[in-house]
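Computed from the coordinates by the stated procedures, all read-outs in this text should not be read as laboratory data. Keep in mind the model is a prediction, meaning the values are calculated, not measured. When we count neighbours, we look across all protein chains shown, and the Cβ atoms used for this are built from the backbone with ideal geometry, even at glycine.
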Amino acid sequence: MSSDWRARRERATRNEQTFQSYNARRADVEESGGTPGDEPVPFVCECDQPKCWRAIEIPLGEYERAVEPADRFVVVPGHEDLAVEVVVEIRDNFLIVSKPDLRRRP
């Protein structure tokens with residue numbers, strides 16, 4: 001594996017972790033505030049693109065189910081990176097991808 005590939009992967013990992021951390025905090029705030037599980041909430045795309053801050057409107061309960069497996073992330077269609085992730089589910093306005101080498105939590 002080249003050093004350029006490793007550097008890109010490290011940057012992508014930091015970016016993905018930042019977005020998923022933001023989304024986890026957002027879900028906690030929405031849940032503690034009493035947001036109904038079927039109400040759409042703007043979550044951030046959890047792709048590996050450093051400049052992406054695209055919002056994905058997902059009902060709170062659907063987001064929590066989508067990312068329950070530790071290797072699952074939500075991304076805007078077209079933001080999937082098939083070199084490092086697998087699309088496991090296609091929804092109307094987002095994709096659920098598996099990133100086998102990256103976990104949301106230990």
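What number of residues within segment 52-68 satisfy the criterion of being in a loop (DSSP other than H, G, I, E, B) and surrounded by 12 or more Cβ atoms within 10 Å (Cβ to Cβ)?
Summing the residues that are in a loop (DSSP other than H, G, I, E, B) and surrounded by 12 or more Cβ atoms within 10 Å (Cβ to Cβ) in segment 52-68 gives 3.
Every residue in segment 26-51 that is part of a helix (DSSP H, G or I), of a type outside the set (Val, Ile, Thr) and either surrounded by fewer than 10 Cβ atoms within 10 Å (Cβ to Cβ) or more than 13 Å from the chain's Cα centre (by Cα) (or both), please. Working first, answer last.
Residues of segment 26-51 that are part of a helix (DSSP H, G or I), as a first pass: 26-32.
Of the ones still in play, those that are also of a type outside the set (Val, Ile, Thr) are 26-28, 30-32.
Across segment 26-51, the qualifying residues are Asp28, Glu30, Glu31, Ser32.
With Asp4, Asp92 as the choices, which residue is loosely packed, with under 12 Cβ neighbours inside 10 Å, assigned to a loop (DSSP other than H, G, I, E, B) and out of contact with any helix residue (DSSP H, G or I) (no Cβ under 6 Å at 6 or more places or on another chain)?
Only one candidate passes the filter, namely Asp92.
Of all residues being surrounded by 14 or more Cβ atoms within 10 Å (Cβ to Cβ) and hydrophobic (A, V, I, L, M, F, W, C) in segment 69-87, which is farthest from Ala27 (Cα to Cα)? Just the residue, please.
Among those that are surrounded by 14 or more Cβ atoms within 10 Å (Cβ to Cβ) and hydrophobic (A, V, I, L, M, F, W, C), it is Val84.
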